[in-house]
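K.L.:
Just dropping this structure here.
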Amino acid sequence: MTELRPETRTVHLPRPSLNGSRPIAVPIYQTSGFAFEDPAVFAEGMNRPDGAFVYGRLSNPTVRSLEEAVAGLEGGAGAVATASGMGAINSVLLGLLKPGDHMIAQKPLYGGTAAMLNDLASRFGIEVSYVPEDDPEALRAAVRPESRLVYLETIANPVTQVADLPGMCAAAREAGLVSVVDNTFASPVLCRPIEHGADIVVHSTTKYLSGHTDVLGGVAVFASEELYRKVWHFAVELGATADPFAAWLTLRGMQTLPLRMERHCANTRELALRLDNHPAVVAVHWPGLPSHPSHALARKLLPDFGGVFSFDLVGGRAAGEKFMSSVRLALLAPSLGGVETLVLHPATTSHRSLTPEELARHGIGEGTVRVAVGIEHIEDLWDDFSQALS
Ligand SMILES: Cc1ncc(COP(=O)(O)O)c(C=O)c1O
């Protein structure tokens, strides 16, 4: 069979085989352990991420279905599902780095990751240098003899800068560094970073992959078997692996990922265009707009431009706050990637740890509003935004 497309892969998930048949929906294997007849099979299962099921922290059939499904979607050799996106990010960073190592990360970065990288430097003796997300030359210049890893995000929060994945991953490879890409905002429907040279892809599955704001989870996908085995061992030691019910909810949501992404992107395009032409709005930040600094790169890398954008209102912070307290349908809430539209104020929530200078450098104003667009009817969303703007 030819390579399956995401629309088909997410419907036909890896289903465990029973005695001569297969369940159509992946079942929840709600057990913490498994019993054996053969001690040798038991022993072998302890050492492999893809062997016999032994103990829930090592693996579980529901969790493995999720891992195989995401590895298939991302084009990886294997995947490790974790209890949260930060569980995946930390399993990768702490599993591959040791004191004395150096890593290079893009800025801007998701706030939780930025806080973790500060901790790596201050508590684990792992130094971090920062470079812009689209500057392979700056990456080359930042490489040191003790450099080990490069950390990127396909689309960054909240101003949605797009990383130059081919250029940055090639520069990392030339220097012998492992490249890690957080693909949460794009999802594998819009981007598969391994095709652009990434070694590891991480997701907060809490967002688009699960898609219904009802479960926390993460996943790390590996281009090579070697990295897969290494990080799996560490995630098991750390106790970061996913539980079967969370994996089941994620699989359940993932079956409609391509359909949902289509609507997230279409609604976002419409809202971004209408706001861009609204007299109360100073600027809209979305890579689908020609005015966005990443527009040209985004057109090369992505088939569509994602479901998150931000905008600034005439009247700055006061106007932004008034808007957020005036929406009636959209919810004032953290996170993204669920079916419902959410708004938040990055300067006091997701990006509160940044100094005013850093906020300005990342294009985040005092009054910037971030919108994670849901899959509601566009005219209901626009009615809500219009009444809040007026
Ligand atoms: C881009 C990105 N990566 C990682 C995370 C962390 O994921 P989780 O909250 O599932 O730990 C988030 C959460 O907002 C995120 O937006």
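Bear in mind that the values in this text are calculations on the coordinates, not laboratory data. In this text the structure is predicted, and so the values were computed from the model without any measurement. In this analysis, Cβ positions are derived from the backbone assuming ideal geometry, glycine residues included, and neighbour counts consider all displayed protein chains.
K.L.:
Could you identify which residue out of Pro16, Pro290, Pro39 has the top mean-square fluctuation in a GNM of the chain using Cα springs shorter than 10 Å?
P.N.:
Pro39
K.L.:
Sort Lys300, Lys107 so the one with the fewest other Cβ atoms within 10 Å of its own Cβ comes first.
P.N.:
Placing the least packed residue first, the sequence is Lys300, Lys107.
K.L.:
With both bridge residues required to lie in segment 103-254, what share of the DSSP beta bridges run antiparallel, to the nearest 5%? Present the calculation step by step, with values, prior to reporting the outcome.
P.N.:
On the way: 6 of 21 bridges.
For segment 103-254, the DSSP antiparallel bridge percentage is about 30.
K.L.:
Okay, next question. From the phi angles alone, apply the Karplus equation (6.51, -1.76, 1.60; θ = phi - 60°) to segment 175-189 and give each ³J(HN,Hα) in whole Hz, x where the residue is Gly or Pro.
P.N.:
8, x, 9, 7, 9, 10, 10, 7, 9, 4, 5, 8, 6, x, 6
K.L.:
Of the residues Arg192, Arg252, Arg22, which exhibits the maximal mean-square fluctuation in a Gaussian network model of the chain defined by a 10 Å Cα contact cut-off?
P.N.:
Between Arg192, Arg252, Arg22, it is Arg22 that shows the largest mean-square fluctuation.
K.L.:
When the chain is modelled as a GNM with alpha-carbon springs shorter than 10 Å, which of Phe36, Phe53, Phe309 fluctuates the most?
P.N.:
The residue that fluctuates most here is Phe36.
K.L.:
Related question: Please give the Cα centre distance for segment 125-163 versus segment 1-70, rounded to the nearest Å.
P.N.:
Taking the Cα centre of segment 1-70 as reference, the centre of segment 125-163 is 35 Å away.
K.L.:
Assign one of three labels to segment 105-204, namely rounded, prolate or oblate, based on the Cα gyration tensor with a ≥ b ≥ c the square roots of its eigenvalues; rounded applies when a/c is under 1.5, prolate when it is not and a/b is larger than b/c, and oblate otherwise.
P.N.:
Values: a/c = 1.67, a/b = 1.17, b/c = 1.42.
It comes out oblate by the Cα gyration axes.
K.L.:
Something else about it: In whole Å, what is the distance between the alpha-carbon centres of segment 250-276 and segment 88-113?
P.N.:
29 Å
K.L.:
Let me ask another. Considering only Pro166, His203, Thr256, whose Cα is most displaced toward the positive end of the charge dipole of segment 166-258, charges sitting on Cβ of Lys, Arg (+1) and Asp, Glu (-1)?
P.N.:
It is Thr256.
K.L.:
Just in segment 309-351: which trypsin sites (Lys or Arg not before Pro) are loop by DSSP and have at most 11 other Cβ atoms within 10 Å?
P.N.:
On the way: sites: Arg317, Lys322, Arg328; in loops: Arg328.
When the trypsin sites (Lys or Arg not before Pro) of segment 309-351 are filtered for loop state and at most 11 Cβ neighbours within 10 Å, Arg328 remain.
K.L.:
To check you understand DSSP bridge types, tell me what percent of the beta bridges within the chain (both residues inside) are antiparallel, rounded to 5. Please report the intermediate quantities before stating the final value.
P.N.:
Details: 24 of 43 bridges.
The antiparallel fraction comes to roughly 55 percent.
K.L.:
Is the shape of segment 299-378 rounded, prolate or oblate, going by the alpha carbon gyration tensor and its root eigenvalues a ≥ b ≥ c, with a/c under 1.5 for rounded and a/b larger than b/c for prolate? Can you show the working numbers first?
P.N.:
Numbers: a/c = 1.86, a/b = 1.19, b/c = 1.57.
Since a/c reaches 1.5 but b/c is at least a/b, the shape of segment 299-378 is classed as oblate.
K.L.:
Name the lysines eligible as straight-distance cross-link partners of Lys207: C-alpha to C-alpha under 25 Å, and not fewer than 8 places from it in the same chain.
P.N.:
Correct list for Lys207: Lys107, Lys300.
K.L.:
How would you classify segment 245-326 from its alpha-carbon gyration tensor, with a ≥ b ≥ c the square roots of the eigenvalues: rounded for a/c under 1.5, else prolate if a/b is greater than b/c, otherwise oblate?
P.N.:
oblate
K.L.:
Quick one: Cα centre-to-centre distance for segment 283-306 and segment 341-384, in angstrom?
P.N.:
17 Å
K.L.:
Shifting gears a bit: Of the beta bridges DSSP finds with both residues in segment 243-390, what % are antiparallel, to the nearest 5? Working shown, then result.
P.N.:
Values: 11 of 13 bridges.
Counting only bridges with both partners in segment 243-390, antiparallel ones make up about 85 percent.
K.L.:
Kirkwood hydrodynamic radius for the chain: how many Å is it when counted over pairs of different Cα atoms?
P.N.:
On the way: mean 1/r = 0.0464 Å⁻¹.
Computed over Cα pairs of the chain, the Kirkwood hydrodynamic radius comes out at 21.6 Å.
K.L.:
Please express the shape of segment 60-140 as an equivalent ellipsoid: the semi-axes are the square roots of 5 times the eigenvalues of the C-alpha gyration tensor, given largest first in whole angstrom. All intermediate terms of the calculation are to be shown ahead of the outcome.
P.N.:
On the way: eigenvalues 146, 54, 26 Å².
For segment 60-140, the semi-axes come out at 27, 16, 12 Å.
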